[in-house]
Every structure is written in C-alpha cells, then in structure tokens.
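Only one structure is covered here, and it is reproduced in the block below.
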Amino acid sequence: MKSPSPNKRFLADPLPNTFAGLMEMYEANYIRLRKLCGPKNSMPAIAVSRIPRGMDLYLQVLEQTRYTSTIALTYYFADAQNGLLAYPNLKLRIYYDALQAEVMSQSFRNKSAAGQTCRFPARTSLPKRWYLNRFLFKWLCYCDRQGHSFIKDSLHRKNELLIEDIVSP
C-alpha cells in the first residue's frame, strides 16, 4: 500500500466534545429537521404527528425570520401528580442560511410547576451543547424510524398529521 505524500494533509474525523464535531452535528440535525418538518415556508405553525402505537409528537413554530425558525418539539406524558409532563421539551433554532440546527434550551413543563431547565455550569458550554445536540440527533433519528412527519403533502406518510384546531396541553 502506498503511503500518503507528506505534502498532502488529511482531515481527521471530529472528536466528541470538540467544536468541529459540534458543527458537524448541527449540520446533521438540520438535515433531519428538514426531513421531519419540510421547507420553512410550508412548516405548520402548530401541528401534531400521530403514529399507530406511538406517542404524539407536537411541533410549534415560536418565531420565524428571513433566515431562521425557532420551534418547540415535545411529547406529552401523563403524570399522576401534576397532570401532563412535556418531555423532552426542546426549543430549537434552524438556520437556513448556514444549513444548521441547534438546541437552544430544554425544559420540563407540567401543569403545576413553572418548569425545570437542564443546567450545566457556565464553564462547560461545549459539553452542554454537545450533550443536548447529540440527544436531538438521536431523537430525530428515532422519530424518523417511527414515521413522524410534519410535511403536509407527504407521499410516503406513515402518520396522521393534525394541523387544525390543535390545543397544546
């Protein structure tokens, strides 16, 4: 086998908890969110994706600008003490110009409590972002395998899409 020339440089795969790895994950999350939600202009303001034998997935568009969308994605679980629990209640920002998406925050909401937010010490910004965005990456893969979609006119629909008269618990 021929060894590479010393003049040629090869890029190594990004390592976990590195800035380069995080940027790569943002790109992967963008691709998965576009597959789940579709283009910016056709994304429903509020919707529920319902699949057989699975949890309903809730989408709400919180804000849209020329180059970004801020959305919330969650499931609602029955909680014996407090009614309903929104988990994993993720607030996401989609950057259409940079082709990236990131987790802005995660919180647990229920009817009786104002909410709890996933907290990391300020000095661990990169590990925090890595952790939350890695979770999003895995969750979006799971949602795709389950058949969730918020695309209105999907030809390969495995789910029921509710976009009218949605009441968020």
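Step through the table entries Lys40/Lys138; Lys128/Lys152; Lys91/Lys152, compare each Cα-Cα distance with 24 Å, and write down the pairs that go over it.
Among Lys40/Lys138; Lys128/Lys152; Lys91/Lys152, the Cα-Cα distance tops 24 Å for Lys128/Lys152.
Pop the C-beta distance of Asp153 and Ala20 into the FRET formula with R0 = 35 Å and round what comes out to the nearest 0.05.
With a Förster radius of 35 Å, E is 0.40.
Measuring from label point to label point, each 7 Å out along Cα→Cβ, what is the Ser42 to Met55 span in nm?
Going from the Ser42 label point to the Met55 one covers 2.8 nm.
Taken together, the values in this text are just the output of simple stated rules run on the coordinates, not laboratory data. Keep in mind that this is a model prediction, so the values were computed, not measured. Every residue, glycine as well, gets a Cβ built from its backbone with ideal geometry; the counts of neighbours run over all protein chains shown.
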